[in-house]
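The values are calculated or read from the model by the stated rules, or taken from the named source; none is laboratory data. Predicted model only: the values in this text are computed from it and were never measured. Backbone-built Cβ (ideal geometry, glycine too); neighbour counts: all protein chains shown. Side chains included, ligands, DNA and RNA excluded: accessible areas come from the protein's heavy atoms. Shrake-Rupley method; radii C 1.70, N 1.55, O 1.52, S 1.80 Å.
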Amino acid sequence: MKVFVSRLIPDTGLQLLQQAGLQTTVWTEDRQITQQELIEQAKQHDALLCMGSDKMDAHFLTQCQHLKVIAQFSVGYDNVDVAASTRLGIPFGNTPDVLSDATADVAFLLMLAVSRKAFYMHKRIISGDWGTYRPTLNLGVELKNKTLGIFGLGRIGMELARRCRGAYNMKVIYHNRSHNVQAEQELQAQRVSFEELLAQSDVLSVHVALSPETEGKFNADVFRKMKPSSIFINTARGKIHQEQDLIQALNEGWIWGAGLDVTNPEPMKPDNPLLSMPNAAVLPHIGSATVQARNDMARLAAMNIIAGLHGKRLPHCINPEVYKKDKSISN
Ligand SMILES: NC(=O)C1=CN([C@@H]2O[C@H](COP(=O)(O)OP(=O)(O)OC[C@H]3O[C@@H](n4cnc5c(N)ncnc54)[C@H](O)[C@@H]3O)[C@@H](O)[C@H]2O)C=CC1
Ligand SMILES: O=C(O)C(=O)CO
């Protein structure tokens, strides 16, 4: 059987596919494959290992409903029409957990970088503007014993909370659709309303999935309700904050700083105002970009492909209801 991989992934995944006797074709051009090109490739294969940047909408899935399985190289799947995938009987896999530490590290890194204006200071040196010593120059803020607010306390949020609790004894508050008992027991985390999260957080970090409910959630009205001394962090999806409102919030002093690993659109244009602000730090969506995390993601994606092609349940399936339709699928 034949698998198409829409971007070069680490050998850990490719070797698993080959060891399973699967004929594997990888998109090797150094550009995003178009949806039409992906359809043409998928039509010649039995399974697809795709990226979060691939548009898995109803049009694509209908054109490729012959696929026995699709495995995505990401944990987020806001690019996928899950209902269509289920309706068409295509099990769809993702890669949770193995990237939680790496992504939480980036949120932690951004929190620290913004608190001390580190990216801006580095740019000042490069531009020959070290400046003379002044006791009131380049002042940042400290995080020890402050309050960390998490919007969406799941896998990644939990790892950030552990870091902040352990390193800075931060109080952890969170806003979730349900209680996170583990966080409440392990970290003395407190579940609060969204309004309380805005009012009490010294650092507010976003870790929800992008959905119709969370898209554009962080707008001018929301930023106005945060502390003027607070730091906003987003490593989830760029569409969750409204960029022009974030820029206004930083310019007006409604919040103290912002750190982003995700933007809308991606890539961010080099002349974006956020890239020259002292209290802003932007990274190019590198949350899961460690050797360990990407090796493990490749391994999980390959395991999803192999299970799907052998008529077994995927180890990590985002639409398990697809199995209710096909009784032939074994565990
Ligand atoms: N920057 C990067 O490279 C990466 C970004 N991500 C993003 O991070 C997101 C989170 O990943 P995980 O922590 O593994 O997911 P998760 O599912 O473990 O955690 C998400 C949490 O948000 C909560 N939630 C969802 N919608 C909500 C709402 N409207 N209000 C309140 N709570 C809500 C869920 O109940 C859950 O507890 C992914 O969906 C993805 O978009 C994930 C990996 C890497
Ligand atoms: O896994 C995800 O959802 C990412 O954004 C990149 O790994």
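Observations on the structure shown:
- Of G128, G140, G93, G149, all but one fail to be within 16 Å of ligand 1 (Cβ to nearest atom), free of Cβ contacts under 8 Å to residues at least 60 places away in the same chain and either at negative phi or outside the structural domain of R313 (by TED's automatic domain parsing) (or both); the exception is G149.
- Unique residue being farther than 25 Å from N169 by Cα, crowded, with 21+ Cβ neighbours inside 10 Å and hydroxyl-bearing (S, T, Y) when the list is S100, S115, S85: S85
- Total residues in the stretch 224-261, condition in contact with an Asp or Glu (Cβ under 6 Å, 6 or more places away or on another chain) and part of a helix (DSSP H, G or I): 1
- Of the residues making up the stretch 255-276, those that are surrounded by 20 or more Cβ atoms within 10 Å (Cβ to Cβ) and either farther than 22 Å from I156 by Cα or among the hydrophobic types (A, V, I, L, M, F, W, C) (or both) are I255, W256, A258, L260, V262.
- For Y323, the criteria (1) more than 15 Å from ligand 1 (Cβ to nearest atom); (2) within 20 Å of the chain's Cα centre (by Cα) hold in every case but one, which is (2).
- All positions within the stretch 193-229 that are in contact with a strand residue (DSSP E or B) (Cβ under 6 Å, 6 or more places away or on another chain) and more than 29 Å from V82 (Cα to Cα): L197, Q200, S201, D202, V203, L204
- One residue from K324, K269 being within 24 Å of G238 (Cα to Cα), basic (K, R) and either assigned to a loop (DSSP other than H, G, I, E, B) or modelled with pLDDT under 95 (or both): K269
- For the stretch 244-254, a residue qualifies if it is open to solvent by 90 Å² or more (accessible area, probe 1.4 Å) and not charged (D, E, K, R), and the qualifying residues are Q244, N251.
- Test: residue in the stretch 53-66 that is part of a loop (DSSP other than H, G, I, E, B), touching a Leu at 6+ places or on another chain (Cβ under 6 Å) and closer than 22 Å to Y323 by Cα: yes
- Checklist (1) under 18 Å from F223 (Cβ atoms); (2) in contact (Cβ under 8 Å) with a residue 12 or more places away in the chain; (3) open to solvent by 40 Å² or more (accessible area, probe 1.4 Å) applied to Q292, failing item: (1)
- Residue in the stretch 17-40 that is surrounded by the fewest Cβ atoms within 10 Å (Cβ to Cβ), counting only those that are over 27 Å from the mean Cα position of the chain (by Cα) and touching a residue at least 24 places away in the same chain (Cβ under 8 Å): A20
- Residues located in the stretch 219-238, provided they are without any contact (Cβ under 8 Å) to a residue 40 or more places away in the chain and either small (G, A, S) or open to solvent by 70 Å² or more (accessible area, probe 1.4 Å) (or both): A220, D221, R224, K225, P228, S230, G238
- Residues of the stretch 71-108 classified as outside any helix (DSSP H, G or I) and more than 27 Å from E159 (Cβ to Cβ), total: 5
- Looking across the stretch 184-220, the residues that are out of contact with any helix residue (DSSP H, G or I) (no Cβ under 6 Å at 6 or more places or on another chain) and aliphatic (A, V, I, L, M) come down to V192, L197, A199, L204, V208, A209.
- Whether a residue is of a type outside the set (D, E, K, R), open to solvent by less than 10 Å² (accessible area, probe 1.4 Å) and under 23 Å from the mean Cα position of the chain (by Cα) was assessed, and S53 does not pass this test.
- Flag if D296 is acidic (D, E) and not assigned by TED's automatic domain parsing to the domain that holds A199: yes
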